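Here's the structure, in structure tokens; my notes come after.
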Amino acid sequence: MANLIVRDIDASLVRALKQRAAKYGRSAEAEHRAILASVVRRPGKRPLAQALAAIPNVGRDEDFARVIGVMLIAGGVSLVIKAIA
């Protein structure tokens, strides 16, 4: 295994690391390794185009037209006015 030395760490960060390590029952060194592994090995974010392409087709554009007003007509009947793009 390789060694990594990190210098000039703010004292408050070291205290927070030790507190977090104690919370999980680990040494500060083990906690440091766990944090590094969780961040470095985290899968990267997908590009927006890829995320949008993954959205399933759930209807026609007309199904999602914006409602701009509802008019109540005599007898309790309502008329929905939609904006068509």
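No value in this document is a laboratory result; all are computed from the given coordinates. The structure presented is a predicted model; accordingly, all values stated were derived computationally and were not measured. So basically every Cβ, Gly included, is an ideal-geometry build from the backbone, and we count neighbours across all protein chains shown.
Quick notes on this structure:
- Once the C-beta distance of R20 and A49 is scaled by a Förster radius of 22 Å, the resulting FRET efficiency is 0.05 to the nearest 0.05.
- Each Lys or Arg adds one and each Asp or Glu subtracts one; over the other residues with Cβ under 14 Å from the Cβ of R15, this totals +1.
- Sequence-ordered 3J(HN,Hα) estimates for the stretch 40-46 from the Karplus curve with 6.51, -1.76 and 1.60 and θ = phi - 60° stand at 6, 8, 5, x, x, 6, 7 Hz, glycine and proline given as x.
- In nm, spacing of pseudo-spin labels at R7 and L36 (7 Å Cα→C-beta vector): 1.6 nm
- Sparsely packed trypsin sites (Lys or Arg not before Pro) within the stretch 1-63, loop by DSSP, other Cβ within 10 Å at most 13: R7, R41, K45, R60
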